[in-house]
1. If you rank Cys504, Cys879 by fewest surrounding Cβ atoms within 10 Å, what's the result?
2. How large is the charge dipole for the chain, taken about the Cα centre, if only the Cβ atoms of Lys, Arg (+1) and Asp, Glu (-1) carry charge, to the nearest 20 debye?
3. Hey, for a label at Asp928 modelled as a point 7 Å past Cα toward Cβ, could you say which residues of the range 867-896 have their backbone N under 17 Å away?
4. Exceeding 29 Å between C-alpha atoms, which entries from my cross-link table qualify? They are Lys486/Lys1056; Lys653/Lys1039; Lys476/Lys1037.
5. Answer rounded, prolate or oblate for the range 45-84, using the Cα gyration tensor with square roots of eigenvalues a ≥ b ≥ c: rounded when a/c is under 1.5, else prolate when a/b is larger than b/c, else oblate.
6. Compute the length gained on full extension between Ile656 and Tyr157: take 0.36 nm times their separation in residues and subtract their Cα-Cα distance, giving the result in nm to one decimal.
7. Among the trypsin sites (Lys or Arg not before Pro) in the range 944-1041, which ones are in a DSSP loop with at most 15 other Cβ atoms within 10 Å of the Cβ? Mind listing them?
8. Would you work out which of Val148, Ala1130, Gln882 lies farthest towards the positive end of the dipole of the chain, given +1 charges on the beta-carbon of Lys and Arg and -1 on that of Asp and Glu, about the Cα centre?
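Nothing in this text is a laboratory measurement; each read-out follows from the coordinates by a stated rule. Keep in mind the model is a prediction, meaning the values are calculated, not measured. A quick note on method: Cβ atoms are made from the backbone with ideal geometry, for glycine too, and the neighbour counts reach across all protein chains shown.
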Amino acid sequence: MSDFVHLHNHTDYSLLDASQTVEQMCNRVYDLGMDSIAVTDHGNLFAMIPFYKQAQKAGIKAIIGCEIYVSVKKHTEKTLVTTEGGKKWGYHHLVLLAQNQIGYRNLMKLCSIGYLEGFYYRPRVDKDLLRKYNEGLIATSACLAGEVTSYAAIGDYDNAKKAALEYKEIFPDRFYLELQNHDIPEEKKSHIVLKKLSKELDIPLVATNDCHYCLESHSDAHDALFCLGTGKDVYDTNRLRYEPGKFYVKSADEMYKIFPDTPEALENTVKIAEQCNVEIPIGEYHLPAYPVKDNQSPDDYLKDLCIQGLELRYSNLDTIIKQRLEHELQIIKKMGYAGYFLITQDFVNYAKNNGIPVGPGRGSAAGSLVAYATGITDVDPIKYNLLFERFLNPERVTMPDIDIDFCIEGREKVIDYIKAKYGHKSVAQIITFGTMKAKSVIRDVGRVLGMSYAEVDSIAKLVPNELNIKLDKASKLNPELGNISKKSDLHNNLMEYSKILEGCHRHASTHAAGVVIAPGPLTDYVPLFKNTSTNDIATQADMNGLEDLGLLKLDFLGLRNLTVINKTLNLISLRHNQTVEINQIDLYDKNVYANIFANGHTTGIFQFESDGMKEYLAQLKPTGIEDLIALNALYRPGPMANVPEFIDRKHGKSPIVYIHQTLEPILKETYGIIVYQEQVMQISSEIGGFSLAESDIMRRAMGKKKKNLMSSYKIQFIKGAQKNSLSEKVAAEIFELLERFAEYGFNKSHATAYALIAYQTAWLKHYYPIEFLTANISSNINDTNNVVKLIADGRRMGITVNPPDINKSYADFTILDDKTMQYGLAAIKNVGYKASHQIAQYRDKKGKYNNVFELITSDTQHINKKVIESLILVGACNCLGQHRAQLFKSLDIIIEFGTRFYKSKNKNQESLFNNTTDVNIVYPILEDCDHFPVETELKYEKELLGFYLSNNPLAKYEQDFIELSTINSDGYNMFNTEQIQTGGIITNINLRYDKNGNQWAIITLATLFNSLQVYVFHNVYLEYLQLLQEDNIVFIKGKVSNQSDTNHVSQIIANKIYTASNLRSKLTQYVNIKIDNTISNDEALNQLFDVCQQYQGKTSIVLHMMTSQKRYQKILIHKYPVSISNDALAAMRLLFGVKAVWLS
């Protein structure tokens, strides 16, 4: 064993106080040749499982500890207490280390109580609790914030002695006086008292370093992190700070140098480490028991439920169904998971029986007939050829994982039901941790370095939009980001600190979906945490940690689309008095496929909304649910490369070839392409002779490219295939095919369940468009971008959305008739649901608002200045008779009136407002001013609604864009040429980087009629950078990127970009006129001459004259230059036809 062990260490789970990850810390200790280390985070055991696993991985003993907060008074008393040392919060620090399993459990209890009962600025316990739960714990007196040390530091020997004796009594032979030396004068002063106490009271000393970061060079970065946690900036001279360069993980030699006169204190670290031997039971399962009546076993009861369920699901229970059920039940019984299925079916059926929508399935669980029979899923695994072993493999013993999708609005009720059934002490939600990622860490560090938000934000935006990208990689991809550190010392610090702190945990919150159930009180298995902002009780171990601990975790996912379906069904019932059984609809309705999917009209359709997916749908033209399942599985990185071939094979453009005829029954539904993981398993089983369980293990090995296993699997597969009469050559080809596709294959069970939800939403959109649109917008009301997309899609369907109006609108969007909706007030930024609801409720009760003063006095709690301002600026108050500018200029008068009204009302005084009716109230006079310019009104609408409502900024350029665009109003390429041009407004800019680190962009261009994606590659991007700003109106020349067989265009590669001003004169060289043989040449030329005389200009004419061979001959006329005004073009079109005159 090493001659020193660090026993006082903080990881980044001491949130915003320490900056070393458990991996960094364990690697540092390993490099120093130490064989043990403790983690003692502040008040929590968040790091417990990741630390334990990382230490095991590094071959280091993990000592589980915590630096707890001990309250001066009872831990339940939540009052400020000023201690002798000047502490205001009334607590001291104390380090606890678990010696054994009893200590481990007691530590979990104490850390849980601190959060659940004692939280007051910090999670606190008291000495009575320490007396109750001290067994198996070693205590050390901690840092300067420890009780004994804080008295020692001020020379108060008596109180230091009193505290030391008390802790010695609570922890007999297990209490140590802790010495620290970070070159802090108070520490050195405390040493005198602590050494004296040690001798007098026979309490051993122990030397520690209060490690908060890994390396000495990380000191400044840690200081920035600490400032972030305390809300200060690094240049603030009146702030708490750690002594620079002292709180890192020091070597044993360094520790002996700073404690030259107390070698026994250093040796005691080793003695303590030798006493601490906790083994966390990773891999053991702790499942709660499901209550079964009549002493029936869980397995028998599950079988009974399955038989009852199958009789409802199927009209005929044939041999295939019975054998499949028996097979699944045997595996479940063998693995001991009947209770898991019983618990799951119980809460799922509770939801269904109480009107809470539940998804048809999620993940591989949809492949289980037992899940289908018991109502857990609604996907028939027999019909869709789904495999149970993909979900539960008897040869790969892991906890089953059934994720359930619930309607967002009913999820909490299901969680409450589980708490009531299994006991509140046995059920909790699950913690999750936010980390400092590449962009956010730059923003955080920049803030504490005192840099302006605008500058830091611009630097953060240089980080490429790549999932989980690290700053090192980002700096290589974008040289501009890489050069930031060269600008100044400040910028160098920004990047250096950010790279050190990147990945550190920043905050704790409650997981949106996770719930854990234990067979008894949870604190016997895992420490608990209470979220102070929501009061949710959660585990201190995250999802992965709970899995390691063997506890039953359930994912109760709130799926918005289930809410949309439910709201749509309610609107249908309300408006049409019809009940739609959504699970009974025809899954092969030709109208739904033709109108929604084949046309790519899938805005608002679950899983099929993206532009790329819409393109593929238009090419694929799905005709059945199987096509949707396949496309859902293929539309992912990797397998997406197979989509064009899949489409061509469906339409007979590419031949469907099988290496061997035995593959056809398995691959026929996907046109000979391996799309699903289940197909890999079936081929391995039916051709290679593997069991389905073996096939699943082989599939996983293939996906992870475990080459050492692949050779043995290949031999086994070929032997099995030869037994099935395949040649060695063909068998090897099939195995290589599996290897190629196994990495990209997707779970068919999941794709099927989600394709069903997608189809249900599409069916509703086709048959009940306004109900579906209303429900969709209502469930998206806080997502402005989605609301904008849905409203645009409504316009395409001929649905009008009336503007927001305080005398007509409710919080949600409402239906006025089959083609008209009323804008919902809650969709306006800064207004929100509560204020919107109050506005509508007051109106329904008292009648329409007559003036803005009635609005401000209707509810002072929710209708504040920001709400009124936003309502005014989007025109929601236009109905009151004043224009937006007047109301906006009078905002202070309006707010002041509301304030006076409520002050007077609350004081209950005789005044202008009391004992009188509204008629007698004298309202202030509003300011007088001019109307806002149209551009100003549109600017505010875009800012607060996300789009232009009252007018279109493109209207000003409409004629120019129509004249010059080569894409028509339906999105088709008018001339079927590769070169294309069109104009619009930039609504979004997505910056990208190519493999050489060159910046380019994908911009979204909203034209007069639709939206296009425009690819602006590096050279063009640099040339037109100043034009590429959101809300800029531009005209783009380029070439088609994705034209389909129908000439529909949705993507363009830009070559040139122009501003919209004077566009026609900038881009027009010629007026083209086509003259066919129905008009005599002389007559045509005479008429044209008259027009040229009337509309003289500067543009030459090109005549396209039809010859006797029915071909057009071009004749250029310079002599009579003509105007290209709207009037001139109209006159020429009157003579020769609308399509016979165009500009070029």
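1. Numbers: Cys504 25, Cys879 15.
Ordered from fewest to most neighbouring Cβ atoms within 10 Å, Cys504, Cys879 come out as Cys879, Cys504.
2. Working: 124 positive and 133 negative charges, 293 e Å.
Value, rounded to 20: 1400 debye.
3. Residues 882-890 qualify, since their backbone N sits under 17 Å from the label point.
4. Details: Lys486/Lys1056 34 Å; Lys653/Lys1039 26 Å; Lys476/Lys1037 32 Å.
Pairs exceeding the cut-off: Lys486/Lys1056; Lys476/Lys1037.
5. Because a/c hits 1.5 or more and a/b exceeds b/c, the range 45-84 counts as prolate.
6. On the way: separation 499, 0.36 × 499 = 179.64 nm, distance 8.96 nm.
Result for the pair: 170.7 nm of gain on full extension.
7. Details: sites: Lys956, Arg992, Lys995, Lys1037, Lys1039; in loops: Lys995.
Passing sites in the range 944-1041 are Lys995.
8. It is Ala1130.
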